[in-house]
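J.: Below: one structure in structure tokens.
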């Protein structure tokens, strides 16, 4: 690795005298893992006030201090595609990040990534699972299809207005059209400058969007969730879309009752670029185990299963020239594992991004011990202060012990683990 990129890969390589050499004998080295569907490190997920919110941007509400970033580094994750929620047929703009723990909100952004946008179909957008639903259009699946068609037609009309203005501009008499950030975003899709990642479940809706896209003249980049994708894998492959899915979540609501854990393998066998994602700050810490499920459900080879969380999501995000595999010229994003990465017995020992170490298990254990020591010292200072103020030591010690037990049990800790089926952004 040199200057943040991979310089050479092979045997008997000669490093310069001042190089940092890692002894990883008996261990495994993989590319950094990539999560193609995340909501981590964002202070807001859904703008559900309108059916179309293509102008809003997740990138403007990033929170680089989200502890989920560090927790996911512990699991070998280096890249996450942070998405708008699924409350809208046409939602907001997504943001791909590198998990550069310690950087500011701009510093975590993966700036080389082409822009993407969130679309959604099904129960969420027609509000059949909202309690109570609003009066917002659409309220049916046919309304969802027509809304998407209408907005793209509006974007095409908007484009023609600007072309007409630009043709007359030389006369000095033309009045420019009023700028519309929503329609400009849809034009980026039509001009292949922004790529759709669409929340989807049912086969009929997947086929609907494919046919609508081909009618209007745009392409779906990746179907997200795509739990009935195995039924229409050939159509997805012919359209050229990817499929990013849960490994084994199903039956959480009515429209996913036909989901099966063999979905990923069946679509992979049909030639679809398949990735497994988390859609969960908790699950994102164990993406290597998710990849292993492709071997259990479908007999995908170990190498191909690992691609489900490395090279394949990189292709879906169109960043495979930078990350996803260990090749000269790519970013030096890599993970050192104690054993084969798809084993439940293996641990992530180090996580590096662009040649910089962001997680080291040994260092982390030392820091934990230092924090426990400092915490114990602070508790003793509190006890001494309360004793000096006249409060009985037994009372203060009892209160502190009770608080300590509550804290250690986890009842006072707040985690961002939310039910994946009951919330509109899932």
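The values are calculated or read from the model by the stated rules, or taken from the named source; none is laboratory data. From a predicted model like this one, the values you see are computed outputs, not experimental measurements. Note that each Cβ is placed from the backbone with ideal geometry, even for glycine, and that neighbours are counted across all protein chains shown.
J.: Would you tally the residues in segment 4-23 being exposed (fewer than 14 other Cβ atoms within 10 Å of the Cβ) and at pLDDT 95 or above?
T.: 4
J.: Taking segment 229-264 as the search range and keeping residues that are under 18 Å from residue 309 (Cα atoms) and out of contact with any strand residue (DSSP E or B) (no Cβ under 9 Å at 6 or more places or on another chain), which one is modelled with the lowest pLDDT?
T.: Result: 248.
J.: How about segment 131-148: which of its residues are surrounded by 13 or more Cβ atoms within 10 Å (Cβ to Cβ) and either in contact (Cβ under 8 Å) with a residue 12 or more places away in the chain or outside the structural domain of residue 185 (by TED's automatic domain parsing) (or both)?
T.: Residues satisfying the conditions are 136, 137, 138, 139, 141, 143, 144, 145, 147, 148.
J.: Given 174, 155, which one is at pLDDT below 95 and touching a helix residue (DSSP H, G or I) at 6+ places or on another chain (Cβ under 6 Å)?
T.: Checking each option against the conditions leaves just 174.
J.: Name the residue, out of 59, 102, 76, that is surrounded by fewer than 24 Cβ atoms within 10 Å (Cβ to Cβ) and on the phi > 0 side of the Ramachandran plot.
T.: So the residue among 59, 102, 76 that is surrounded by fewer than 24 Cβ atoms within 10 Å (Cβ to Cβ) and on the phi > 0 side of the Ramachandran plot is 102.
J.: Of everything in segment 221-243 that's in contact with a helix residue (DSSP H, G or I) (Cβ under 6 Å, 6 or more places away or on another chain) and touching a residue at least 60 places away in the same chain (Cβ under 8 Å), which residue is surrounded by the most Cβ atoms within 10 Å (Cβ to Cβ)?
T.: Among them, the one singled out is 222.
J.: Just the residues that are over 20 Å from residue 223 (Cβ atoms) and part of a loop (DSSP other than H, G, I, E, B), please, taken from segment 108-128.
T.: 108, 110, 111, 112, 127, 128
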